[in-house]
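Presented below is the structure to which this report refers.
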Amino acid sequence: MSSNTSDHPPRKDEEQYDAIVIGGGASGLMYASLAGKKGLRVLVLDHANKVGKKILMSGGGKCNFTNLHVEPENFICGNSHFVKSALSRYTQWDFIALVEKHGIPYHEREHGELFCDNSAKDILNMLLDECINGKAEIRTRCEVQGIQRLDESKFALQTSLGNFVCDKVIIATGGLSIPTMGATGFGYQIAEQFELKVLPRRAGLVPFTFSDQTKTLTEKLSGLAQEVSMFNPLANFKANMLFTHRGISGPAALQLSNYWHAGEYIDINLLPDIDLESYLIEEKNTYGNISLKKCLAKHFSKAFCNELERMFWPDLSDKPMAGFSDHTLKEIAKSLSAWRLKPSGTEGYRTAEVTLGGVDTNEISSKTMECKRYPGLYFIGEVLDVTGHLGGFNFQWAWASANAASENVQARYTRKGQ
């Protein structure tokens with residue numbers, strides 16, 4: 001990567017744009033469409049052969065494009081106030097209006113999550129149509145080889161497709177998650193080139209893995225889902241937990257992974273809607289002749305009941321509930337309400353939905369997404385130290401941060417066809 005300043009004059013072969021967006025994902029395409037419709041000559045550059053790949057695979061191919069209940073509390077950021085301005089100026093209702101304008105059918109799932117009825121292609125095609133409406137250009141298979149700041153208001157880019165000059169460079173390169181979709185750390189390299197602080201990164205919204213006896217258990221129960229409350233001292237999420245061949249996944253695990261660090265424990269309340277102590281004693285008094293395993297079969301699969309028995313009351317497996325003391329039942333209830341596990345790690349960026357950490361938001365204006373020290377340099381979307389909860393919040397941050405960067409812009413160059 002070239003240095004961040006240069007005093008050489010622009011070359012004659014350089015194409016000129018008002019704004020060049022590096023990254024053709026959700027935030028980059030959103031910015032291009034909005035800025036283009038305001039008259040800017042915009043170019044999107046992406047190293048992949050197609051734009052929007054992560055959009056297409058999101059939400060199981062249905063794209064959970066936003067959430068009905070967006071609040072700043074749904075986001076993790078070193079500066080908890082940073083997200084407020086952008087989110088308030090481009091809300092979920094603004095994006096829903098855009099979706100409805102394009103006639104895209106959608107539906108609500110649990111917790112206000114909105115998904116396409118048909119396919120994530122609907123959202124990508126909508127963004128591409130909006131880019132066409134804004135006369136934004138998109139070029140793929142383009143490697144950015146260098147960026148220099150020519151003066152207070154100009155940047156020069158050297159790429160595998162030629163050289164460019166622009167007033168604004170918008171870094172929308174995303175994070176490190178799912179490298180098979182083309183994710184790289186290029187955006188962080190650009191930030192470091194300009195001597196911006198980049199906070200430590202790690203995989204987020206990612207399944208837990210295990211290397212102890214828990215791995216054997218999860219392998220046995222692979223494919224089994226159970227609604228639980230999963231928690232640690234920092235957060236608590238009530239949602240489905242899914243056993244896999246590698247460990248524990250599902251919404252509850254993905255959410256808690258954002259608040260977990262290597263070496264820490266997680267706790268699981270297997271029946272979060274029930275006062276288990278009272279319930280088990282009441283069941284004993286009412287159905288004393290049945291086994292505890294049979295009692296719990298009302299709430300768990302037979303296979304899971306067998307494993308719970310093996311873990312928590314193996315010496316009492318032959319006894320009916322009447323043979324359990326109240327104290328024993330209370331201890332079992334505590335174990336089932338706070339089943340403590342120690343993950344060996346996570347599945348990492350290979351399957352992570354997001355990247356935690358990133359460009360320090362203290363370097364960036366919360367109103368414009370512009371770098372405070374380098375006017376004309378913008379960071380939007382996941383490359384920033386902003387991570388949403390599961391459920392459409394990361395897409396909403398992409399839309400909102402792109403909108404913030406596209407406001408109060410002024411065109412300088414004449415677009416093709418004008």
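Tabulated values for the structure
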read-out	value
Sole exception among (1) among the small types (G, A, S); (2) within 22 Å of A136 (Cβ to Cβ); (3) buried (at least 24 other Cβ atoms within 10 Å of the Cβ) for A411, by number	(3)
Candidates I268, I274, I248 - the one that is part of a loop (DSSP other than H, G, I, E, B), hydrophobic (A, V, I, L, M, F, W, C) and under 23 Å from K298 (Cα atoms)	I274
Subset tally (residues that are more than 17 Å from S337 (Cα to Cα) and acidic (D, E)) for region 305-322	2
Inter-residue pairs, beta-carbon under 6 Å, first under 12 Å from Q226 (Cβ atoms) and in contact (Cβ under 8 Å) with a residue 12 or more places away in the chain and in region 301-318, second in a helix (DSSP H, G or I) and hydrophobic (A, V, I, L, M, F, W, C), 6+ apart	C305/L296; E307/L217
Residues that are in contact (Cβ under 8 Å) with a residue 40 or more places away in the chain and among the charged types (D, E, K, R), drawn from region 216-254	K220, E227, R246
Residue in region 175-196 that is assigned by TED's automatic domain parsing to the domain that holds D360, at positive phi, of a type in the set (D, E) and in contact (Cβ under 8 Å) with a residue 40 or more places away in the chain present	yes
Conditions (1) crowded, with 17+ Cβ neighbours inside 10 Å; (2) out of contact with any strand residue (DSSP E or B) (no Cβ under 6 Å at 6 or more places or on another chain): number failed by L377	(2)
Region 78-92 residues that are in contact (Cβ under 8 Å) with a residue 24 or more places away in the chain and under 18 Å from V383 (Cβ atoms), paired with ones that are in a loop (DSSP other than H, G, I, E, B) and of a type in the set (V, I, T) (beta carbon under 8 Å, 6 or more apart)	L87/V70
Sole exception among (1) under 19 Å from V354 (Cβ atoms); (2) surrounded by 15 or more Cβ atoms within 10 Å (Cβ to Cβ) for H261, by number	(2)
Region 274-287 residues that are aromatic (F, W, Y), paired with ones that are crowded, with 16+ Cβ neighbours inside 10 Å (beta carbon under 7 Å, 6 or more apart)	Y287/C295; Y287/M321
Restricting region 194-241 to residues that are polar (S, T, N, Q), buried (at least 16 other Cβ atoms within 10 Å of the Cβ) and assigned to a helix (DSSP H, G or I), the residue that is farthest from the chain's Cα centre (by Cα)	T214
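This table checks each residue for (1) modelled with pLDDT under 95; (2) touching a Pro at 6+ places or on another chain (Cβ under 8 Å); (3) under 26 Å from G182 (Cα atoms); (4) not assigned by TED's automatic domain parsing to the domain that holds P179.
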site: S249; (1), (2), (3), (4): no, yes, yes, yes
site: I268; (1), (2), (3), (4): no, no, no, yes
site: E283; (1), (2), (3), (4): yes, no, no, yes
site: Y287; (1), (2), (3), (4): yes, no, no, yes
site: A322; (1), (2), (3), (4): yes, no, no, yes
site: R340; (1), (2), (3), (4): no, no, no, yes
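Residue by residue, here is whether (1) in contact with a strand residue (DSSP E or B) (Cβ under 9 Å, 6 or more places away or on another chain); (2) surrounded by 21 or more Cβ atoms within 10 Å (Cβ to Cβ); (3) over 30 Å from H245 (Cα atoms) holds:
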position	(1), (2), (3)
F300	yes, no, no
K330	no, no, yes
S337	yes, no, no
G381	yes, yes, yes
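The values are calculated or read from the model by the stated rules, or taken from the named source; none is laboratory data. Please read all numbers here as calculations on a predicted model, not as lab measurements. Because the Cβ atoms are built from the backbone with ideal geometry, glycine has one as well, and the counts that use them run over all protein chains shown.
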